[in-house]
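Enquirer: Quick one: structure below, then a few questions.
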């Protein structure tokens with residue numbers, strides 16, 4: 001907008017000069033809105049030919065113009081679109097754009113959608129940039145936002161990711177705390193209580209890696225908290241493993257694992273944790289076969 005420095009007669013709303021100022025503002029707004037539409041069209045054309053970087057750039061430019069127009073929601077949407085395009089070409093730039101959208105959503109108090117986009121960033125760190133520490137941080141932030149919005153089921157899903165990766169990174173106290181927390185949250189829910197035994201099982205394995213006595217005490221505590229855990233195959237396996245470990249019997253340990261695996265297939269995480277426990281037995285060959 002121009003600054004008029006020369007003095008002149010006061011303008012009324014109906015005067016030509018007043019109309020001129022309003023016209024300039026309206027024209028600028030119209031120009032910016034038109035530019036936003038053109039950037040969106042260009043971005044979608046770039047997407048059609050799979051030029052993801054150019055599509056991301058165009059969506060990003062549109063997002064900035066929407067902010068100039070104070071169209072916060074449109075700006076956030078465009079930043080997300082930019083992030084989704086960049087994911088296929090420049091993961092770090094994708095994260096930058098999605099973070100920009102998150103800032104807008106949190107400023108607007110839309111924490112549930114902000115949490116969803118923190119998960120998107122966590123997934124980029126998991127699969128594209130392979131930075132598990134940063135993935136954990138974004139899953140934790142998502143969980144916090146979900147908790148604040150009373151979306152406890154969504155919060156638990158994020159926390160389980162944090163527990164999963166914390167154990168992989170040998171951050172066992174953190175993993176134990178999370179698995180116990182989620183198990184406690186789910187054991188009183190008729191629809192989810194079946195899953196509680198799995199979380200107590202995983203917490204027990206983390207205890208076991210740290211210390212055999214810790215594991216024994218933890219299992220006793222979990223049986224008291226959740227009696228159904230005592231009758232589970234997971235709890236029976238843990239007790240067999242404790243006996244084998246106490247006797248330093250590799251064969252008994254392996255046999256117990258194989259028996260469990262024949263009915264409930266072990267995933268990569270469980271296999272890793274069981275191998276870490278087995279390696280503390282003297283004379284271990286280093287596998288579960």
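Enquirer: What is the angle, in °, between the Cα long axis of helix 172-186 and the longest principal axis of the Cα atoms in the chain? Nearest 10 is fine, range 0 to 90.
Expert: Once rounded, one gets 80 degrees.
Enquirer: Can you work out the base-10 log of I(q)/I(0) for the stretch 170-289 at q = 0.22, 0.23 1/Å, using the Debye formula on its C-alpha atoms alone?
Expert: The Cα Debye sum returns log10 ratios of -1.33, -1.43.
Enquirer: Between 166, 264, 204, where does the largest GNM mean-square fluctuation fall for the chain, given springs only between Cα atoms within less than 10 Å?
Expert: Fluctuation is largest for 264.
Enquirer: Could you tell me how many degrees, from 0 to 90 and to the nearest 10, lie between the Cα long axis of helix 193-210 and the main elongation axis, the longest principal axis, of the Cα atoms of the chain?
Expert: 70
Enquirer: Sorting check: for 92-98, 213-219, which peptide has the highest mean count of neighbouring beta carbons within 10 Å, and how do the rest follow?
Expert: In descending order of packing, they fall as 92-98, 213-219.
Enquirer: At 25 °C and a viscosity of 0.890 mPa s, what translational diffusion coefficient does Stokes-Einstein give for the chain, taking Rh as the Kirkwood radius over Cα pairs? Give it in µm²/s as a whole number.
Expert: Reported coefficient: 107 µm²/s.
Enquirer: Give me the distance in nm between label points sitting 7 Å out from Cα along the Cα-to-Cβ direction at residue 170 and residue 89, one decimal.
Expert: 4.1
Enquirer: Would you mind calculating the gained length between residue 258 and residue 195 on full extension (0.36 nm times residue separation, minus the Cα-Cα distance), in nm to one decimal?
Expert: Working: separation 63, 0.36 × 63 = 22.68 nm, distance 2.21 nm.
This chain segment gains 20.5 nm when fully extended.
Enquirer: Between helix 52-68 and the chain, what is the angle of the helix's C-alpha long axis to the longest principal axis, kept within 0 to 90° and rounded to the nearest 10?
Expert: The angle comes out near 60 degrees.
Enquirer: Treating the stretch 173-231 as a set of equal point scatterers at the Cα positions, no solvent, please give the Debye-formula log₁₀ I(q)/I(0) at q = 0.20, 0.23, 0.24, 0.26 Å⁻¹.
Expert: Reported log10 I(q)/I(0), two decimals: -0.64, -0.83, -0.90, -1.03.
None of the figures in this text is laboratory data; all of them are computed from the coordinates on show. Everything numeric in this text was worked out from a predicted model, so none of it was measured. Virtual Cβ from ideal backbone geometry, glycine too; neighbours counted across all protein chains shown.
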